[in-house]
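S.K.: Take a look at this one; I'll ask things after.
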Amino acid sequence: MSFWPIGPLAKRAGLVFIRRTFGNDAVYKLAVREYFGYLVAKRFNIEWYMEGGRTRTGKLRPPRFGLLHYLVRAISDGRADDVILVPTSIVYDQLQEVGAIAAETTGAAKKAEGLRWLADYVRAQRRNVGSVRVRFGEPLSLREALREAGEGGAQLEKVAFAVCDGINRATP
């Protein structure tokens, strides 16, 4: 989505484009970690999709821990006292992309996003495909969730599980 005209508009609205994978790029990892530390220190709201979406059956996909790790790091570095996580469920009656998803599942290549894709997407929005339901779960204190998760290598995974559980509880 970081193409003209969406990219510049989104950036002006506060959207930050981050690579899906960082690989072994230590400089990029450091820059993202420091940027998230800055956002936490300045008390900005941050929205991201830790669970990576839902499967076609409605089940949550496994969580990604990278950005959550950076929030934990910001707390441990003393950049913030706490971070409040609000599990949020967004459920659609039907997605515009059902045909494309079905084709990709059977082996078709994903179509590149660009101006033509954007024009087709805007035209598709004219059709009513149902409702969207947005529900908020019980907010979690990240500091408290870390304490409850205990020490050890699975601490981050336990916190992520608690957030995903909150998303599932909020899902209609």
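S.K.: Scan the stretch 164-171 and give yes if some residue there is acidic (D, E), closer than 21 Å to I46 by Cα and either at pLDDT below 95 or surrounded by 13 or more Cβ atoms within 10 Å (Cβ to Cβ) (or both), otherwise no.
M.R.: The answer is yes; a qualifying residue exists.
S.K.: Taking the stretch 2-15, which residues are assigned to a loop (DSSP other than H, G, I, E, B), loosely packed, with under 13 Cβ neighbours inside 10 Å and at negative phi?
M.R.: Listed by number, the residues that qualify are S2, W4, P5, A13.
S.K.: Sticking with this structure for a sec: Just give me the residues in the stretch 126-170 being within 20 Å of V72 (Cα to Cα) and among the small types (G, A, S), in sequence order.
M.R.: The answer is S141, A145, A149, G150, G152, G153, A154, A160, A162, G166.
S.K.: Right, another one. Could you tell me which residue of the stretch 114-159 is modelled with the lowest pLDDT, considering only residues that are farther than 19 Å from L85 by Cα and in contact with a strand residue (DSSP E or B) (Cβ under 9 Å, 6 or more places away or on another chain)?
M.R.: My answer is V129.
S.K.: Out of all the residues in the stretch 120-144, which are under 23 Å from I90 (Cα atoms) and either among the aromatic types (F, W, Y) or in contact with a helix residue (DSSP H, G or I) (Cβ under 8 Å, 6 or more places away or on another chain) (or both)?
M.R.: Y121, R135, F136, G137, E138, L140, L142
S.K.: Of (1) surrounded by 14 or more Cβ atoms within 10 Å (Cβ to Cβ); (2) touching a helix residue (DSSP H, G or I) at 6+ places or on another chain (Cβ under 8 Å); (3) under 29 Å from G7 (Cβ atoms); (4) among the aliphatic types (A, V, I, L, M), V72 satisfies all except one. Which?
M.R.: Every condition holds for V72 apart from (3).
S.K.: Further question: All but one of (1) within 30 Å of V72 (Cα to Cα); (2) more than 22 Å from the chain's Cα centre (by Cα) hold for R123, so report the exception by its number.
M.R.: R123 satisfies every listed condition except (1).
S.K.: Would you be able to say whether some residue in the stretch 22-29 is charged (D, E, K, R), closer than 21 Å to R73 by Cβ and out of contact with any Gly (no Cβ under 9 Å at 6 or more places or on another chain)?
M.R.: For the stretch 22-29, residues charged (D, E, K, R), closer than 21 Å to R73 by Cβ and out of contact with any Gly (no Cβ under 9 Å at 6 or more places or on another chain): present.
S.K.: Same structure, new question: Take the residues in the stretch 160-172 that are among the β-branched types (V, I, T) and in contact with a Leu (Cβ under 7 Å, 6 or more places away or on another chain); name whichever of them is farthest from I84 (Cα to Cα).
M.R.: Residue satisfying both the conditions and the ranking: I167.
S.K.: Just to be sure, is R20 modelled with pLDDT of 90 or more, surrounded by fewer than 12 Cβ atoms within 10 Å (Cβ to Cβ) and not in a strand (DSSP E or B)?
M.R.: For R20, the condition - modelled with pLDDT of 90 or more, surrounded by fewer than 12 Cβ atoms within 10 Å (Cβ to Cβ) and not in a strand (DSSP E or B) - is not met.
The values are calculated or read from the model by the stated rules, or taken from the named source; none is laboratory data. Computed from a prediction, not measured in an experiment: that's the story for all the values here. Note that we place each Cβ from the backbone using ideal geometry, even for glycine, and neighbour counts take in every protein chain shown.
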